[in-house]
Amino acid sequence: MKLVIQRVKEAKVEVEGKIVGKIEKGFLVLLGVSEEDTKENADYLVKKLCQLRVFTDENDKMNLSLKDVGGELLIVSQFTLYADTTSGNRPSFIQAAKPEKANKLYEYFCQECEKKYGIHVEKGEFGASMQVSLLNDGPVTILIEK
């Protein structure tokens, strides 16, 4: 499982011209699921994400978490994080989980962020063609995988 985390001042996801997810201060998270991923991988990354301290404190140090700043999550499933470009110029997505498995782990991941950490979660639309907009804060972009 891979996460691309971007600290944002605002972010939104649109599908066919309609906003399906929108947050103010928080993280835009692009989430990729592989065929080998399990709930244990998701649990590890939920904890890492929700406890990640990259918001600045009163001393301008990255020392605060989402909870500390009242931040939100916008989580978007993105199978292309498992693109393999080692052979040729057209990416292979063989390592990405099949849609049914990926969607189950994506939904589980989102639910656990809310249930275990009380963080408000907005989502993209799984499997849809989405337009993602964000105002990156910093910029701060972090990659985490398990």
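Suppose only helical runs count, i.e. DSSP H with n ≥ 4. What mean residue ellipticity at 222 nm does that imply for the chain under -39500 (n - 2.57) per run, divided by all residues and rounded to the nearest 500 deg cm²/dmol? Rounded to the nearest 500, it is -7500 deg cm²/dmol.
For the set K25/K146; K22/K98; K48/K104; K12/K101; K18/K39, the pairs lying more than 22 angstrom apart at their alpha carbons are K25/K146; K22/K98; K12/K101; K18/K39. The alpha carbon convex hull volume per residue for the stretch 1-76 rounds to 93 Å³.
In a shell of Cβ-Cβ distance under 13 Å around A128, excluding A128 itself, what net charge do Lys and Arg (+1) and Asp and Glu (-1) give? Local net charge: -1. Between the alpha-carbon centers of the stretch 1-64 and the stretch 118-145, tell me the distance in whole angstrom. Computed from Cα coordinates, the inter-centre distance equals 6 Å. Among DSSP beta bridges lying fully in the chain, give the percent that are antiparallel, nearest 5. Close to 75 percent.
Spacing of the modelled spin labels on Q111 and S133, each 7 Å from Cα toward Cβ, amounts to 3.2 nm. Among the listed values (i) -0.38, -0.58; (ii) -0.18, -0.36; (iii) -0.21, -0.40, the one matching log10 I(q)/I(0) by the Debye sum over Cα atoms at q = 0.08, 0.11 Å⁻¹ as calculated from this structure is (iii). Each label was represented as a point 7 Å from its Cα along the Cα-to-Cβ direction; for N89 and K18 these points are 3.9 nm apart. The angle between the Cα long axis of helix 39-51 and the longest principal axis of the Cα atoms of the chain comes to about 30 degrees, rounded to the nearest 10.
Only Lys, Arg, Asp and Glu carry charge here, each on its Cβ (+1 for the first two, -1 for the last two); on that basis the chain has a dipole of about 80 debye about its Cα centre.
In percent, rounded to a whole number, the relative contact order of the stretch 2-145 is 38, using alpha-carbon pairs under 8 Å and six or more apart. Couplings for the stretch 84-91, taken from phi via the Karplus curve 6.51 cos²θ - 1.76 cosθ + 1.60 with θ = phi - 60°, read 10, 10, 5, 10, x, 10, 9, x Hz in order; Gly and Pro are left as x. The C-alpha atoms of the chain define a longest principal axis, and helix 99-117 lies at about 10 degrees to it.
Each reported figure results from applying straightforward, stated rules to the coordinates on display, with no laboratory input. As the structure is a prediction and not an experimental result, all values here were calculated from the model. Virtual Cβ from ideal backbone geometry, glycine too; neighbours counted across all protein chains shown.
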